[in-house]
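All remarks here apply to the structure that follows.
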Amino acid sequence: MKFFIDTASLAQIKEAAALGVLDGVTTNPSLMAKEGIAGEERVRKHYVDICEAVDGDVSAEVIATDLAGMVREGEELAALHPRIVVKVPMIKDGVKAIRHFSSKGIRTNCTLVFSAGQALLAAKAGATYVSPFIGRLDDVSTDGVALIRQIRTIYDNYGLHTQVLAASIRHPMHIIQCAEVGADVATCPLSAILALFDHPLTTIGLEKFLADHRKAQQPAKV
Ligand code: G3P
(Lines give C-alpha, C1' and ligand atoms only; values in the text may rest on other atoms or scores of the structure.)
Protein backbone atom coordinates (compact mmCIF):
# COMPACT_ATOMS: atom_id res chain seq x y z
CA MET A 1 0.00 0.00 0.00
CA LYS A 2 1.29 3.44 -0.93
CA PHE A 3 1.55 6.15 1.75
CA PHE A 4 0.52 9.67 0.78
CA ILE A 5 0.53 12.59 3.19
CA ASP A 6 -2.67 14.65 3.40
CA THR A 7 -1.39 18.18 3.96
CA ALA A 8 -0.30 21.38 2.22
CA SER A 9 2.44 21.99 4.82
CA LEU A 10 5.84 21.89 3.09
CA ALA A 11 7.56 21.28 6.43
CA GLN A 12 5.41 18.20 7.11
CA ILE A 13 5.83 16.94 3.54
CA LYS A 14 9.63 17.25 3.85
CA GLU A 15 9.59 15.52 7.26
CA ALA A 16 7.55 12.61 5.85
CA ALA A 17 9.67 12.39 2.68
CA ALA A 18 12.84 12.22 4.81
CA LEU A 19 11.49 9.03 6.44
CA GLY A 20 11.87 7.31 3.06
CA VAL A 21 8.35 5.85 3.05
CA LEU A 22 6.37 8.61 1.31
CA ASP A 23 4.79 7.94 -2.09
CA GLY A 24 2.82 11.15 -2.71
CA VAL A 25 0.77 14.07 -1.40
CA THR A 26 -2.90 15.01 -1.38
CA THR A 27 -4.15 18.52 -0.74
CA ASN A 28 -7.54 20.16 -0.73
CA PRO A 29 -8.78 23.78 -0.50
CA SER A 30 -9.19 23.49 3.30
CA LEU A 31 -5.60 22.27 3.74
CA MET A 32 -4.28 25.07 1.48
CA ALA A 33 -6.27 27.66 3.50
CA LYS A 34 -4.89 26.18 6.75
CA GLU A 35 -1.37 26.99 5.51
CA GLY A 36 -2.48 30.53 4.58
CA ILE A 37 -1.91 29.90 0.84
CA ALA A 38 -4.25 32.27 -1.04
CA GLY A 39 -4.42 33.84 -4.50
CA GLU A 40 -4.14 31.91 -7.77
CA GLU A 41 -0.45 32.66 -8.35
CA ARG A 42 0.58 31.73 -4.81
CA VAL A 43 -1.51 28.56 -4.84
CA ARG A 44 0.05 27.40 -8.11
CA LYS A 45 3.60 28.18 -6.93
CA HIS A 46 2.88 26.20 -3.78
CA TYR A 47 1.81 23.18 -5.85
CA VAL A 48 5.09 23.34 -7.77
CA ASP A 49 7.04 23.61 -4.49
CA ILE A 50 5.21 20.52 -3.19
CA CYS A 51 5.94 18.61 -6.42
CA GLU A 52 9.63 19.39 -6.04
CA ALA A 53 9.65 18.21 -2.41
CA VAL A 54 8.29 14.73 -3.06
CA ASP A 55 8.98 11.87 -5.46
CA GLY A 56 5.37 10.92 -6.23
CA ASP A 57 1.90 12.07 -7.25
CA VAL A 58 0.54 15.38 -5.91
CA SER A 59 -3.23 15.92 -5.95
CA ALA A 60 -4.29 19.51 -6.69
CA GLU A 61 -8.01 20.23 -6.41
CA VAL A 62 -10.09 22.32 -8.82
CA ILE A 63 -12.28 25.06 -7.33
CA ALA A 64 -14.72 25.35 -10.25
CA THR A 65 -17.86 23.21 -10.08
CA ASP A 66 -19.05 23.53 -13.70
CA LEU A 67 -17.66 21.36 -16.51
CA ALA A 68 -16.01 24.14 -18.55
CA GLY A 69 -14.44 25.67 -15.43
CA MET A 70 -13.14 22.32 -14.15
CA VAL A 71 -11.68 21.44 -17.57
CA ARG A 72 -9.90 24.80 -17.88
CA GLU A 73 -8.62 24.80 -14.30
CA GLY A 74 -7.63 21.11 -14.41
CA GLU A 75 -5.66 21.50 -17.63
CA GLU A 76 -3.82 24.51 -16.13
CA LEU A 77 -3.04 22.58 -12.94
CA ALA A 78 -1.83 19.52 -14.90
CA ALA A 79 0.49 21.76 -16.95
CA LEU A 80 2.22 23.00 -13.77
CA HIS A 81 4.23 19.80 -13.17
CA PRO A 82 4.22 16.17 -14.40
CA ARG A 83 3.50 14.97 -10.84
CA ILE A 84 0.17 16.82 -10.61
CA VAL A 85 -3.01 14.74 -10.40
CA VAL A 86 -6.18 16.82 -10.87
CA LYS A 87 -8.57 16.39 -7.95
CA VAL A 88 -12.21 16.65 -9.01
CA PRO A 89 -15.35 16.47 -6.82
CA MET A 90 -17.89 13.64 -7.18
CA ILE A 91 -20.63 15.61 -8.92
CA LYS A 92 -22.16 15.11 -12.37
CA ASP A 93 -19.94 17.71 -14.05
CA GLY A 94 -16.99 16.30 -12.11
CA VAL A 95 -17.54 12.84 -13.62
CA LYS A 96 -17.82 14.41 -17.09
CA ALA A 97 -14.57 16.30 -16.43
CA ILE A 98 -12.85 13.06 -15.33
CA ARG A 99 -13.91 11.44 -18.62
CA HIS A 100 -12.48 14.44 -20.50
CA PHE A 101 -9.18 14.39 -18.57
CA SER A 102 -8.90 10.62 -18.98
CA SER A 103 -9.23 10.93 -22.78
CA LYS A 104 -6.44 13.55 -22.73
CA GLY A 105 -4.10 11.45 -20.58
CA ILE A 106 -4.47 13.80 -17.58
CA ARG A 107 -4.54 11.86 -14.30
CA THR A 108 -7.37 12.47 -11.83
CA ASN A 109 -8.39 11.88 -8.22
CA CYS A 110 -12.16 11.80 -7.68
CA THR A 111 -12.77 13.29 -4.22
CA LEU A 112 -15.65 13.49 -1.74
CA VAL A 113 -16.64 9.87 -2.33
CA PHE A 114 -18.93 8.38 0.32
CA SER A 115 -20.59 5.41 -1.43
CA ALA A 116 -19.74 2.41 -3.61
CA GLY A 117 -22.02 3.74 -6.36
CA GLN A 118 -20.01 6.97 -6.52
CA ALA A 119 -16.78 4.94 -6.67
CA LEU A 120 -18.16 2.87 -9.54
CA LEU A 121 -19.06 6.03 -11.49
CA ALA A 122 -15.58 7.48 -10.95
CA ALA A 123 -13.92 4.28 -12.19
CA LYS A 124 -16.17 4.04 -15.24
CA ALA A 125 -15.23 7.64 -16.13
CA GLY A 126 -11.55 6.64 -15.99
CA ALA A 127 -10.40 8.21 -12.70
CA THR A 128 -6.81 7.37 -11.75
CA TYR A 129 -7.68 7.46 -8.04
CA VAL A 130 -10.92 7.45 -6.08
CA SER A 131 -10.94 9.02 -2.60
CA PRO A 132 -13.47 7.55 -0.14
CA PHE A 133 -13.46 9.65 3.07
CA ILE A 134 -13.43 7.03 5.80
CA GLY A 135 -13.03 9.29 8.85
CA ARG A 136 -15.99 11.48 7.89
CA LEU A 137 -18.12 8.33 7.47
CA ASP A 138 -17.03 7.08 10.92
CA ASP A 139 -18.01 10.53 12.26
CA VAL A 140 -21.63 9.85 11.22
CA SER A 141 -21.68 6.31 12.65
CA THR A 142 -21.05 4.60 9.29
CA ASP A 143 -18.19 2.13 8.82
CA GLY A 144 -15.63 3.89 6.60
CA VAL A 145 -13.30 0.89 6.28
CA ALA A 146 -16.27 -1.25 5.15
CA LEU A 147 -16.68 1.13 2.20
CA ILE A 148 -13.02 0.58 1.22
CA ARG A 149 -13.61 -3.21 1.33
CA GLN A 150 -16.78 -2.86 -0.79
CA ILE A 151 -15.05 -0.71 -3.43
CA ARG A 152 -12.08 -3.13 -3.53
CA THR A 153 -14.46 -6.04 -4.23
CA ILE A 154 -16.33 -4.16 -6.97
CA TYR A 155 -13.16 -2.97 -8.72
CA ASP A 156 -11.65 -6.48 -8.54
CA ASN A 157 -14.88 -8.06 -9.89
CA TYR A 158 -14.57 -6.05 -13.09
CA GLY A 159 -10.83 -5.47 -13.36
CA LEU A 160 -11.27 -1.70 -12.93
CA HIS A 161 -7.88 0.02 -12.76
CA THR A 162 -8.84 3.06 -10.63
CA GLN A 163 -6.73 3.03 -7.47
CA VAL A 164 -8.55 3.06 -4.12
CA LEU A 165 -7.08 5.99 -2.16
CA ALA A 166 -8.39 5.86 1.41
CA ALA A 167 -8.76 9.47 2.62
CA SER A 168 -9.90 11.27 5.77
CA ILE A 169 -7.68 8.96 7.81
CA ARG A 170 -7.57 9.95 11.47
CA HIS A 171 -5.34 7.43 13.28
CA PRO A 172 -2.88 4.55 12.76
CA MET A 173 -5.58 1.84 13.05
CA HIS A 174 -7.29 3.32 10.00
CA ILE A 175 -4.01 2.79 8.09
CA ILE A 176 -3.70 -0.84 9.24
CA GLN A 177 -7.36 -1.58 8.46
CA CYS A 178 -7.06 -0.02 4.98
CA ALA A 179 -4.01 -2.20 4.30
CA GLU A 180 -5.92 -5.29 5.49
CA VAL A 181 -8.82 -4.69 3.10
CA GLY A 182 -6.58 -3.88 0.13
CA ALA A 183 -6.61 -0.10 -0.34
CA ASP A 184 -4.02 0.88 -2.96
CA VAL A 185 -3.12 4.10 -1.13
CA ALA A 186 -3.75 5.65 2.29
CA THR A 187 -3.44 9.43 2.52
CA CYS A 188 -2.69 10.28 6.11
CA PRO A 189 -1.92 13.16 8.44
CA LEU A 190 1.75 13.12 9.52
CA SER A 191 0.63 12.26 13.09
CA ALA A 192 -0.93 8.96 11.92
CA ILE A 193 2.20 7.98 9.95
CA LEU A 194 4.48 8.80 12.91
CA ALA A 195 2.21 6.86 15.29
CA LEU A 196 2.98 3.68 13.32
CA PHE A 197 6.55 3.81 14.66
CA ASP A 198 5.53 3.60 18.30
CA HIS A 199 5.53 0.47 20.40
CA PRO A 200 6.50 0.44 24.10
CA LEU A 201 8.32 -2.89 23.72
CA THR A 202 10.53 -1.37 21.01
CA THR A 203 11.42 1.51 23.34
CA ILE A 204 12.06 -0.77 26.32
CA GLY A 205 13.96 -3.29 24.19
CA LEU A 206 16.27 -0.66 22.71
CA GLU A 207 16.97 0.85 26.17
CA LYS A 208 17.96 -2.62 27.44
CA PHE A 209 20.20 -3.38 24.43
CA LEU A 210 22.02 -0.06 24.90
CA ALA A 211 22.30 -0.46 28.70
CA ASP A 212 23.73 -3.98 28.28
CA HIS A 213 26.19 -2.70 25.67
CA ARG A 214 27.31 0.11 28.03
CA LYS A 215 27.80 -2.40 30.87
CA ALA A 216 29.90 -4.66 28.65
CA GLN A 217 32.25 -1.74 27.87
CA GLN A 218 33.11 -1.24 31.61
CA PRO A 219 36.49 -2.71 32.61
CA ALA A 220 36.02 -6.08 34.36
CA LYS A 221 36.37 -5.85 38.20
CA VAL A 222 39.06 -8.10 39.71
O1 G3P B 1 -8.01 15.26 1.55
C2 G3P B 1 -9.29 14.78 1.82
C3 G3P B 1 -9.49 14.17 3.19
O4 G3P B 1 -8.39 13.38 3.54
C5 G3P B 1 -9.96 15.10 4.25
O6 G3P B 1 -9.83 14.58 5.55
O7 G3P B 1 -9.80 14.90 7.99
O8 G3P B 1 -10.82 16.69 6.53
O9 G3P B 1 -11.98 14.51 6.86
P10 G3P B 1 -10.64 15.20 6.80
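The values are calculated or read from the model by the stated rules, or taken from the named source; none is laboratory data. Everything quoted here is computed from the prediction, not taken from an experiment. Here the Cβ is made from the backbone with ideal geometry for all residues, glycine too, and neighbour counts use every protein chain on show. With ligands, DNA and RNA removed, areas are computed over all heavy atoms of the protein, side chains included. Shrake-Rupley method; radii C 1.70, N 1.55, O 1.52, S 1.80 Å.
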Take the cross-link list Lys2/Lys92; Lys45/Lys87; Lys34/Lys124; Lys14/Lys124; Lys14/Lys92 and give me the ones stretching past 24 Å between alpha-carbons. Lys2/Lys92; Lys34/Lys124; Lys14/Lys124; Lys14/Lys92
Rounded to the nearest 0.05, what FRET efficiency do Lys34 and Ile63 give with R0 = 25 Å and r taken as the Cβ-Cβ distance? Could you check? 0.95
Within a Gaussian network of the chain (alpha carbon springs, distance under 10 Å), most fluctuating of Tyr158, Tyr129, Tyr47: Tyr158
Alpha carbons only, please: Rg and Dmax for the chain, in angstrom. 20.6, 86
The chain accessible area per residue, 1.4 Å probe, protein heavy atoms, integer Å², reads 52 Å²
Computed lengthening from Leu19 to Asp49, 0.36 nm per intervening residue step minus Cα-Cα distance: 8.9 nm
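Work out the FRET efficiency for Ile204 and Lys2 from their Cβ-Cβ distance, taking R0 = 22 Å, and round it to the nearest 0.05.
Here the calculated transfer efficiency is 0.10.
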So Ile91 and Ser191, fully extended at 0.36 nm per residue minus their Cα-Cα distance, gain in nm 32.9 nm
Using alpha carbon centers only, the range 3-70 is separated from the range 82-152 by a whole-angstrom value of 17 Å
Ignoring any ligand, DNA or RNA, what whole percent of the accessible area of the chain comes from carbon and sulfur when the probe is 1.4 angstrom? 57 percent
